[in-house]
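Written below as structure tokens is the structure these notes are about.
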Amino acid sequence: MTNAEILEYFRETFATIISLREAKSKDYGESEDALATIDRLSEMTDLTSEHAIFVLMCKHWDVLRKYAISQEPSVADPIASRIDDLIVYLVLMRAVIDERRRFEKNISAEPSEV
């Protein structure tokens, strides 16, 4: 692929990722909080949000690992679908980390009580 072709491939892939996130958020979303499902899973399992996302990603990583070794397609879902799901989870992980950092920064910015 040329640089122009790979850039277009990125655009198409991320358009697919956004559509996937929108569709899945309708399935899981019970509120306007985009991370509510992650928060609930975190509470149910007594894990951090980051760890909960990692656990969700593991099944996809395992299928991808198996594919990388054998080059045999997944029976349940196309490998591209697994990769797309991983990208969604990675972006959610980034959002959780950024949200936590903003929260921690706001706490440390508040004047301490004497």
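For region 51-60, putting each phi into the Karplus relation 6.51 cos²θ - 1.76 cosθ + 1.60 with θ = phi - 60° gives couplings of 5, 4, 5, 4, 4, 4, 6, 4, 5, 6 Hz, in residue order, rounded to whole numbers and with x for Gly and Pro. Length gained on full extension, Leu35 to Asn3: 8.1 nm, using 0.36 nm per residue less the C-alpha separation.
Converting phi to 3J(HN,Hα) with the Karplus coefficients 6.51, -1.76 and 1.60 and the offset θ = phi - 60°, region 6-13 yields 5, 5, 5, 4, 4, 4, 5, 4 Hz in sequence order, with x at every glycine or proline.
What is the ratio of the Cα radius of gyration of region 3-109 to 2.2 N^0.38 Å, where N is its residue count, to two decimals?
On the way: Rg = 16.1 Å, N = 107, 2.2 N^0.38 = 13.0 Å.
Ratio of Cα Rg to 2.2 N^0.38 Å: 1.24.
The numbers here are math on the coordinates, done by the rules we state, and not lab data. No experiment lies behind these values; they were computed from the predicted model shown.
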